[in-house]
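Okay, so here's the structure we're looking at.
The values are calculated or read from the model by the stated rules, or taken from the named source; none is laboratory data. On a predicted model such as this, the values are computed, not experimentally measured, just so you know. Here the Cβ is made from the backbone with ideal geometry for all residues, glycine too, and neighbour counts use every protein chain on show. Areas reflect the complete protein model, heavy atoms only, side chains present, ligands, DNA and RNA absent. Shrake-Rupley method; radii C 1.70, N 1.55, O 1.52, S 1.80 Å.
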Amino acid sequence: MSRSVNFLLVEDNAGDAFLVKDALENGAIPSTVAVVHDGAAALTRLGDKAQASPDLIILDLNLPKLDGRQVLDALKAHPDWCHIPVVMFSSSDAHNDIVECYRRGASCYVPKPMGLDRFRAVIRSVERFWLEVARLP
Amino acid sequence: MSFTSRLLLSSVGLVALTALVLAGVADWVVRDSLTPAEVERQLALARARAQDLEDRVLGLRGDVTMLAHLPVAAGLAAPDSDAEPFEMVRPAFQAMMQAKPSVLQARVIALPSGEERLRFERDAAGGEVRQATALQSKAARPYVQAGMDLAAGEVHLSPLNLNREHGAVQQPPRPVLRAVTPVFAGATRVGLVVINVDMGPALAALSATPLGTTYLVDEQGRFLVHPDPAVAFAHEYGPGVTIGQRWPAVTRLTAADAPGAAVLGGPNDSDVVVAAVPVQLAGGPRVTVVTVQPASSIAGVNRSRALSAWGAAGVGLLAALMALFWGQRLARPLRAMTAAADRFPTDDDVPLPVDEPGEMGVLAQALARMNDKIQSQNRALSEQERRFRAVVEESPIAKFLVDDKHHILLVNRRAEELFGYSRKELLGSSIHRLVPEGQRDVHPGFIDGYHQDPGPRPMGPGRELFGQRKDGALVPVEIGLNPLPEQGGTVTLATVVDVSERKGREDELRRSNRELEQFAYVASHDLQEPLRMVANYTELLAERYQDKLDDKAQTFIHFASDGARRMQRLISDLLTYSRVGTEGKAPERFDPATALRWVQQDLRAPIAATGADISHDALPLVYADGTQLGQVLQNLVGNALKFCGDDAPRIHIGAAREGRWVRFSVQDNGIGMNPEHTGRIFDMFQRLHPVGTYDGSGIGLSVTKRIIERHGGRIWVESEIGGGTTFFFTLPAAEDA
């Protein structure tokens, strides 16, 4: 892959955002991580023509302003964004939450794991799967 | 029939019966012994009379044959010229007539001319015998005709009749009998000797008796001797009278050829003894002597009967009076007692004849005691009923008594309150009015169905029941039905409990449980986030600044991480616990062996590490959420692996049917526990061992218990220190036993 991959990380928790960004940017694949801290900001950023369209969106479920579900609905309803894979990344591993997200069109659902090592390992797995195994549009 | 009249009837009847029996016995004795003797005596008397008559007639025969033996034939043969042809026989005729005053005439008649040749006759007035001068021809007389056929020595007697002079009956009437005998000259019958005998004295002698009456009748039954002179020989003057006409009953005796006697009903309705003896006068007519005498023995019987009757009447009257007296005497207190008993039980002063002597008084006293007893029992009963009424009336549960026509017979106060109707409105009306409008059509069907198989039971099990108040509002209720068999049908006691409050509480409890679960879920979820932050950044700190921190700082960081990790574990367990309720699925038929396979798969690492041996019985199908059953087995098997002793763990999963349930057991040979602690190990966060000795937060058994209870089952444990532990739990069976 010649160009670097653009991630959009929607995460209100600065600590988690730091760890995800850190993990992705220090990963094997060169990538750019744009971070927004609420759902509304995510949609604003996507609508901004000056910014490059993201290849993959990592979306937290519990967000201020618009929460993860609403953002997901907005993405899937929008003709320009509906094809972008969305990885849900949430501290909830409640069955209802998981089912709901897939129904709304999430590409995958990844619970935030406990422990720094496992956290990093999960992020790397996601990165490897989407960038090396799966083919992005 | 009253007591008095029964007493009267029976005593009078007894007297009458006794009199009848006595009279019957007397009658029988008389008829059996006295009467035959009397009849026999009467017959003997008649025989004697008859014999007497016969003897007299025999004498007559002797007289006439004696005259015939005289030389009468010579006189007859003498020529007409002989002035005195009967010179030889005249003195003998004269002497015989003088000796026998009853002989009225004696004559000699020549045969075959029938001319009278000699006649002596007795002067009617003086009785002097003289020879008649004017002789007559007697050829036409029946006795002359009869005499022509007589053999020598034979005598013919004429019928007994009244003497006639020139064809008319001589007065006073004189019964006569003629005796005729022939006179022979050689072999030739030349004449007849005839004597006329006055039978008056003989007949008078016949009837001359102080006892009874004697009759003499001829062959035709005509009276020859009768006490009434007009009747004797009446046939000589006119048509005459026969004994059969006068007294038909006697003909059976007079018509017989042999002597006979009997007791007959006499002409005046009195019984008489009658004897009849026929006498065949030799060569003459047959007559019958009839003697009649009042039957003295029968008269005795009649007298005794009359006496008995009077006596019986007298005794009967006495008995009747006594019966009346005693009947009234006994009936009066009885009437008083009856009238009093009709008013029982009573507080009034009823007149009971307690002072009456004898059994009556005792009975009256017993009645008085009975009255007292009934009264006290009634008081006790009404007190008891008042209490029961109060129990029913004041019950906080609404009660209805309903008959099999669905009508309300009884309600209590709570029933009025619950449905808002007054008692007056409810009693007698149909129970269906209390049923919600939409169900009134089907309710009678339910009631009839209940009556098919009545028994104590809750109504509409498993359904929510409602009653409708008068104002139309629906009340959630629980209804219990109890059949009370009565005479002529079954009434049903329905107890109705208003469960609106309880339902409200249940709803509230459900809501609060849900909220609590929600809270636990949200809380643990929201707690996790900052905790993760603490844990992650503590680790990051240790990682990035390892070379800048001294050993003490490293130790502190280690404590912080360890605390964060344990807190995470607690939160995660709490989450698991709360999810039992929120994320459990509906139980379905499930094979526990499948869950066991999952468990063995999940725990393969510790199983391999401990060298555990896991065995199990055949596991029957159950109704369960398979995932949760897996959780249960994983917790229990996991515990068994965790709390093993020095030996390799041996774990056995058993299963046994217990009615509708399957009882599972998970048995190990581990370290066991103090039985005192077996109660609290299912409480949340209870640990028997200090932190660090055995891994775990102490939530596993709480989750297990919650899962089992969610399925309606039970869980318990049996254990001893060093003796292994066995967990038991039950789940609903999915197959018939």
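What to note about this one:
- For the set B:D218, B:D349, solvent exposure ranked by accessible area (probe 1.4 Å, protein chains only) runs largest to smallest as B:D349, B:D218.
- Of the whole protein surface, B:V497 contributes about 50 Å² of accessible area at a 1.4 Å probe radius.
- Magnitude of the charge dipole, region A:5-133, Cβ model with Lys/Arg +1 and Asp/Glu -1, debye to 20: 160 debye
- Look at the stretch B:377-386: the mean tally of other chain Cβ atoms within 10 Å of its residues' Cβ atoms is 0.
- The solvent-accessible area of B:I374, taken with every protein chain present and a 1.4 Å probe, is close to 50 Å².
- Cβ-Cβ distance of B:D348 and B:W28, R₀ of 51 Å, FRET efficiency by 1/(1 + (r/R0)^6): the value works out to about 0.20.
- Here r is the Cβ-Cβ distance between A:A50 and B:R511 and R0 is 60 Å; the resulting FRET efficiency, rounded to 0.05, is 0.70.
- Sites B:E417 and A:D67, calculated FRET efficiency, Cβ-Cβ separation with R0 41 Å, nearest 0.05: 0.20
- Difference of contour (0.36 nm per residue) and Cα-Cα distance, B:A553 to B:V522: 7.8 nm
- Shape of region A:10-127, Cα gyration tensor, a/c cut at 1.5: oblate
- Among B:L418, B:S158, B:L211 the positive-end extreme of the charge dipole of the protein assembly as shown (Cβ point charges): B:S158
- Couplings 3J(HN,Hα) of region A:59-68, computed from phi: 10, 7, 8, 8, 9, x, 6, 9, 8, x Hz, in residue order, whole Hz [Karplus 6.51 cos²θ - 1.76 cosθ + 1.60, θ = phi - 60°; x for Gly and Pro].
- Exposure rank, largest accessible area first [B:M322, B:M684; 1.4 Å]: B:M322, B:M684
- Positive-end residue of A:Y109, A:F119, A:S90, charge dipole of region A:5-133 with Cβ unit charges: A:Y109
- Based on Cα contacts under 8 Å between residues 6+ apart, chain B shows a relative contact order of 8 percent.
- For the protein assembly as shown: accessible area per residue (Å², 1.4 Å): 53 Å²
- Farthest toward positive dipole pole in chain B [+1 Lys/Arg, -1 Asp/Glu at C-beta], among B:A733, B:V176, B:Q51: B:V176
- Given charges at beta-carbon only (K, R positive; D, E negative), |dipole| of the protein assembly as shown in Debye: 1900 debye
- Looking at region B:342-389, the trypsin sites (Lys or Arg not before Pro) that sit in a DSSP loop and have at most 14 other Cβ atoms within 10 Å of their own Cβ are B:R343.
- Simple Cβ-charge dipole of region B:260-341, Lys/Arg +1 and Asp/Glu -1, about Cα centre, in debye nearest 20: 460 debye
- Put A:H37, B:H166 in order of accessible area, highest first, and with a 1.4 Å probe you get B:H166, A:H37.
- Mean Kyte hydropathy of 1.6 or more with a Cα span along the axis of at least 27 Å, helices from DSSP in chain B: B:3-29
- Along its first, second and third principal axes, ordered by size, region B:198-243 spans 31, 23, 19 Å in Cα coordinates.
- Note on chain B: Lys pairs 8 or more places apart or on different chains, Cα atoms under 20 Å apart, count 6.
- Spin-label pair B:E393/B:W598, simplified geometry with 7 Å Cα→Cβ offset, distance in nm: 6.3 nm
- Scaled against 2.2 N^0.38 Å for its residue count N, the alpha carbon radius of gyration of the protein assembly as shown is 2.71.
- When only Cα pairs below 8 angstrom with a gap of at least 6 residues are kept, region A:5-133 shows a relative contact order of 24 percent.
- In nm, spacing of pseudo-spin labels at B:K503 and B:S5 (7 Å Cα→C-beta vector): 7.3 nm
- With the whole protein complex present, B:E394 retains an accessible surface near 110 Å², based on a 1.4 Å probe.
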